[in-house]
Amino acid sequence: MKNRILIIEDEENIARVLQLELEFEGYETAVAHTGPDGLILYREQSWDLVLLDLMLPGVNGFDVLRRVRATEANTPVILLTAKGEVEDKVTGLDLGANDYVTKPFVIEELLARIRTALRFSAPAAVKADPDLHEFAGLSMNEKTRKVSRDGMTVELTPREYDLLLYLLKHARQVLSREQILDAVWGYDYYGDTNVVDVYIRYVRKKIDVKGKPALIQTVRGVGYVLKESADAT
């Protein structure tokens, strides 16, 4: 099966060259020229990698990347940018980009970076049940919505379920309150971020096991992380 690459690039000439080169290399591609169009294509289809320009009309590349990572952490994203400033590169990597290439770039280098990103993102094995998510004794089934901790059933409200599932899908990844709000409450939510703290307390009370470290840990000044260790963050 061919790897599928989404190109989000507002410069039509560059986008067309990328599309031709990638298809010549055997990839399937699609192109979007604005941030909103790129997000629509990303959400409507399945992609193995995203090439993302930073200077986009409508929604800039940083915001596109932020929204992608708010709901999904595994698809490799390589930034394409005319900016050479270290700050922009650091910001992109901190938001979850896997790599970056500064324009003008050599196509052979970009192709090599794409191959590397795809190689490291390839799953070691096909998951037996794609609806089942497990971590440190916590189990959640998306199809049945059954939740358990160490074999004991946990009853959650719909919002609590969505919150815990998002944390579980991003286990060991530090998530900001804003990321959690976007993913669980939606991009259009304009309420106080304190609602995240309230629901984290609700969920903790239901999944914590006496004598074991809390799974959901607070990262001061940032947000939360689901991990096994009780080490300070």
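Please treat every number below as a calculation from the coordinates, not as lab data. Predicted model, so just to flag it, every value in this text is computed and none were measured. No Cβ is skipped: glycine too gets one built from the backbone with ideal geometry, and neighbour counts run over all protein chains shown.
Between the labelled values [x] 60, 42, 38; [y] 52, 36, 35; [z] 59, 39, 31, the entry that holds Cα extents along the principal axes in Å as derived from this structure is [z].
Taking 10 °C and 1.306 mPa s as conditions, region 52-110 diffuses translationally at an estimated 136 µm²/s according to Stokes-Einstein applied to its Kirkwood radius (Cα pairs). If you take the Cα centroid of region 34-82 and the Cα centroid of region 190-221, the two points sit 29 Å apart.
For a 18 Å ceiling on Cα separation, which of these pairs sit above it: LYS2/LYS143; LYS169/LYS227; LYS89/LYS169; LYS143/LYS169; LYS206/LYS227? The answer is LYS2/LYS143; LYS89/LYS169. Here r is the Cβ-Cβ distance between GLU21 and ASP162 and R0 is 30 Å; the resulting FRET efficiency, rounded to 0.05, is 0.15. Across region 216-228, rounded Karplus estimates of 3J(HN,Hα) from the backbone phi angles (6.51 cos²θ - 1.76 cosθ + 1.60, θ = phi - 60°) give 8, 10, 7, 10, 3, x, 10, x, 9, 9, 9, 7, 7 Hz, Gly and Pro being marked x. With θ taken as phi - 60° and the Karplus curve 6.51 cos²θ - 1.76 cosθ + 1.60 applied, the whole-hertz 3J(HN,Hα) list for region 63-69 is 5, 4, 4, 4, 6, 5, 6 Hz, x standing for glycine and proline. Here r is the Cβ-Cβ distance between PHE120 and LYS206 and R0 is 45 Å; the resulting FRET efficiency, rounded to 0.05, is 0.80. The ranking of ARG145, ARG66 from fewest to most other beta carbons within 10 Å of each one's beta carbon is ARG145, ARG66. How far is helix 158-169 tilted off the main Cα axis of the chain, in degrees rounded to 10, range 0 to 90? Computed tilt is about 60 degrees. Here region 4-121 is treated as a sphere whose radius is the Kirkwood value from Cα pairs; by Stokes-Einstein at 20 °C and 1.002 mPa s it diffuses with a coefficient of 154 µm²/s. Close amide H partners of LEU49, meaning residues 5 or more places away or on another chain with modelled amide H under 5 Å apart, are ARG4, LEU6.
Applied to region 138-150, the Karplus parametrisation 6.51 cos²θ - 1.76 cosθ + 1.60 on θ = phi - 60° returns per-residue 3J(HN,Hα) values of 8, 10, 9, 10, 5, 6, 8, 6, 7, 10, 8, 10, 6 Hz, with x for Gly and Pro.
For the chain, the relative contact order works out to 12 percent when only alpha carbon pairs closer than 8 Å and six or more residues apart are counted. Length gained on full extension, THR34 to ASN60: 8.5 nm, using 0.36 nm per residue less the C-alpha separation.
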